[in-house]
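Beneath this line is the structure, given in structure tokens, with notes to follow.
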Amino acid sequence: MKIGICNDHAGVEYKNAISDFLRGRGIEVVNFGTDSTDSIDYPDVAHPLAEAVESGAVDCGIALCGTGNGMAITLNHHQGIRAGLAWDDEIAALVKQHNNANVLVLPARFISCGKAVRLTGIWLDEEFQGGRHLRRIEKIPIH
Ligand code: RB5
């Protein structure tokens, strides 16, 4: 499995911790984010991640910014992306079970680094439930 990860200046430490966790699980990590705490604009790293997920260059993605909203809003402009923001265990599970989020978005300034790693593991291990949830996500794209 190959996962793309992107972050702005608010998420550098979190990106590194999540990347170590993923590599520890034998997952290849592709870094689309900044490695500096100098301020950047989140769309500059969100769009390349979205394109990699849409093209299949990576299987799925993780995105981090201060609130998570800048990343989620940008990523969800892409037709092939379902980016879901999670800040607790149950939402991290539901965003896969119900929404089949192919990018997990985490709010680095509002959760601890350890929690961000835990939520990543929950989202990864959960399964999409299909059924009525498949019908719903199929209605999301605007044709
Ligand atoms: C950066 O200060 C901040 O705006 C960004 O990380 C994010 O929260 C935007 O949605």
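Rule-based calculations on the coordinates, nothing more; no lab input. Not measured: the values here are computed from a predicted model. Using ideal geometry, Cβ is built from the backbone for each residue, glycine included, and neighbour counts are taken over all protein chains shown.
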Convex hull around the C-alpha positions of the range 1-50: the volume in Å³ per residue is 53
Which whole-Hz couplings ³J(HN,Hα) result when phi for each residue of the range 33-44 is put into the Karplus expression 6.51 cos²θ - 1.76 cosθ + 1.60, θ = phi - 60°, listed in order with x for Gly and Pro?
x, 7, 9, 10, 8, 5, 4, 10, 9, 4, x, 5
Of the cross-linked pairs K2/K139; K2/K96; K2/K115, which ones have a Cα-Cα span greater than 24 Å in the structure shown?
K2/K139
Which of H77, H9 has the fewest other C-beta atoms within 10 Å, and how do the rest follow up to the most?
H77, H9
Please tell me the relative contact order of the range 70-139 in percent, rounded to the nearest whole number, where contacts are Cα pairs under 8 Å and at least six residues apart.
32
When we measure straight from the Cα of K15, which aspartates and glutamates land under 18 angstrom away, once same-chain ones fewer than 8 places off are left out?
E28, D35, D38, D41, D44, D59, D88
Span per principal axis, largest first, for the Cα atoms of the chain (Å)
42, 29, 27
Need one number: nm distance between label points at E51 and A17, each 7 Å from Cα along Cα→Cβ, rounded to one decimal.
3.1
Around N7 (Cβ within 11 Å, Cβ-to-Cβ, excluding N7; K/R +1, D/E -1) the net charge comes to -2
Rounded, prolate or oblate for the range 67-138? Axes are the square roots of the Cα gyration tensor eigenvalues, ordered a ≥ b ≥ c, and the cut-off for rounded is a/c under 1.5.
oblate
Which value, in debye to the nearest 20, gives the size of the charge dipole of the chain about its Cα centre, when Lys and Arg are +1 and Asp and Glu are -1 at the Cβ?
480
